[in-house]
1. How far apart, in nm, are two points set 7 Å out from the Cα along the Cα-to-Cβ line at Val24 and at Val197?
2. Going highest first, how would you order 125-138, 406-419, 88-101 by mean Cβ packing within 10 Å?
3. For region 141-264, what's the radius of gyration and Dmax over Cα atoms, in angstrom?
4. Report the per residue volume, in Å³, of the convex hull enclosing the C-alpha atoms of region 76-117.
5. What shape does region 235-376 take by its C-alpha gyration tensor, where a ≥ b ≥ c are the square roots of the eigenvalues and a/c under 1.5 counts as rounded, a/b above b/c as prolate, and the rest as oblate?
6. Angle check, please: helix 102-119 long axis (alpha carbons) against the longest principal axis of the chain (alpha carbons), in degrees 0 to 90, nearest 10.
7. Could you tell me how many degrees, from 0 to 90 and to the nearest 10, lie between the Cα long axis of helix 232-250 and the main elongation axis, the longest principal axis, of the Cα atoms of the chain?
8. Decide, for region 211-266, between rounded, prolate and oblate: order the square roots of the alpha carbon gyration tensor eigenvalues as a ≥ b ≥ c, take rounded if a/c falls under 1.5, and otherwise choose prolate if a/b is larger than b/c, else oblate.
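Every number in this text was worked out from the coordinates using simple rules, so none of it is lab data. A quick note: this is a predicted structure, and the numbers were derived from the prediction, not measured. Every residue, glycine as well, gets a Cβ built from its backbone with ideal geometry; the counts of neighbours run over all protein chains shown.
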Amino acid sequence: MHAVDTPQLIFGWDPVWFAGSLFVVTYALIMSERINRAIVATSAAAIMVLAGVISEQHAVDGVDFNTIGLLTGMMVIVAITRRSGVFQYLAVWSAKKVKAQPWGILLMLSLVTAVLSALLDNVTTVLLIAPVTLLITEALGVKAYPYLFVEIFASNIGGAATLIGDPPNIMIGSSVGLSFNDFIVHTAPAAVIVMLVTMVPVYWIWGRHLHASDESRQRVMNYKEREAITDKVLLIKSLAVLALVILGFALSHFIDKQPSTIALAGAALLLLLDNLGRHAAAQTKSVHATFAEVEWVTIFFFVGLFVVVHALERTGLLTMLAEGILRLTGGDLTVTAMAILWGSAVASAVVDNIPFVATTIPLIKSMAPTFGGAENLMPLWWSLALGACLGGNGSLVGASANLIVAGFAERSQQPIGFLAFTLAAFPLMILGIAVSSLYIYLRYL
């Protein structure tokens, strides 16, 4: 299969070489983090269009607006919900539920982080859980490192469980047409198993050494979780809208609506409920504040990246790469699935998983004829989702949530070193991928 039409580049340049070279430079700049990734992606997209690799219309066609809408809608919902204090409430409540036992708190905070990361997004989750964790561990008189380490893992594992938990899943779901329920049925069981298996070595490495005095535990028990709730009315409105949105995701197949429509409708409803009763000037100020919390860098990064990858796809380069991969794997579905799972995990541990997944999606799609149609590609999609999400645990730069937790740890004088984290995290990530390999093999191959 080749490109639909041959792009006409300025100066008669070869489109494959030009687009391929530009993509490599773009990837290198994103990895170097010397220039903001949104600037890199949008600039590369502009060059692709200006040079004639892709037309303006095809550039617009290449943007996955379902992914953009879903991300934006959920960011607005989270931005409003976080003001209620519900995340801090859950952290303190869970610590008290286990009588402030250090190992019990570690388990509960991991559970809260994983569940919230599955239903919201892992960056917001750790942004709100990490400060409370530092507060609790200080009161207990124990090191925060094991707690923060496990919360990083829980955020990435929890994010792998659902369509909305991690950007790679949103991209895969939107591109392939997979629903919220599809991820619940196919990746959530794997995420639960990986989380349980991961906690075994965590216990032997750190858990069995965690101890706190009765006096320290009493300090935690004295915390009033209700004081964390800053706006009870907003909490009720937020949880009601969030429940409706989750219900909408679960019923999306029956109501025939895209996840982006459901998320944006939920965001609009929560904005309305949050601003009812305020005069116009206060509404404007409130809406501005909410929109300011949307991660526009991420949104524009996605837009630019979609155009770059679509341009690359139209040159036929991705099809050639897919054919090369199939030759290496001998066209065997099991070997290809394992190659995608392990390759995406290792790649996601060292580079941003978003451009990797954006590039891999059209690669996998082009393998459909080899494996007898698009319906037979499902093991490859689940391999990509699990590999890209869980691979983020392999190093400190593997996921945005990791860096946010590291930032909090550094500010509290308990820094998480890159090498020390990688030495402990990479083997645990490999363990998770080994478990996922077994899951994929036994269930789909």
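1. Each label point lies 7 Å from its Cα, and together they span 3.6 nm.
2. On the way: 125-138: 22.8, 406-419: 14.8, 88-101: 19.2.
Answer by packing, highest mean first, reads 125-138, 88-101, 406-419.
3. Every Cα atom of region 141-264 included, Rg and Dmax give 19.1, 56 Å.
4. Values: hull volume 2.3 nm³, N = 42.
Normalising the Cα hull of region 76-117 by residue number yields 54 Å³.
5. Working: a/c = 3.01, a/b = 2.17, b/c = 1.38.
Judged from the Cα gyration tensor, region 235-376 comes out prolate (a/c at least 1.5, a/b above b/c).
6. That helix lies at roughly 40 degrees to the long axis.
7. For 232-250 against the chain, the angle is about 40 degrees.
8. Working: a/c = 5.61, a/b = 2.68, b/c = 2.09.
Here region 211-266 falls in the prolate category.
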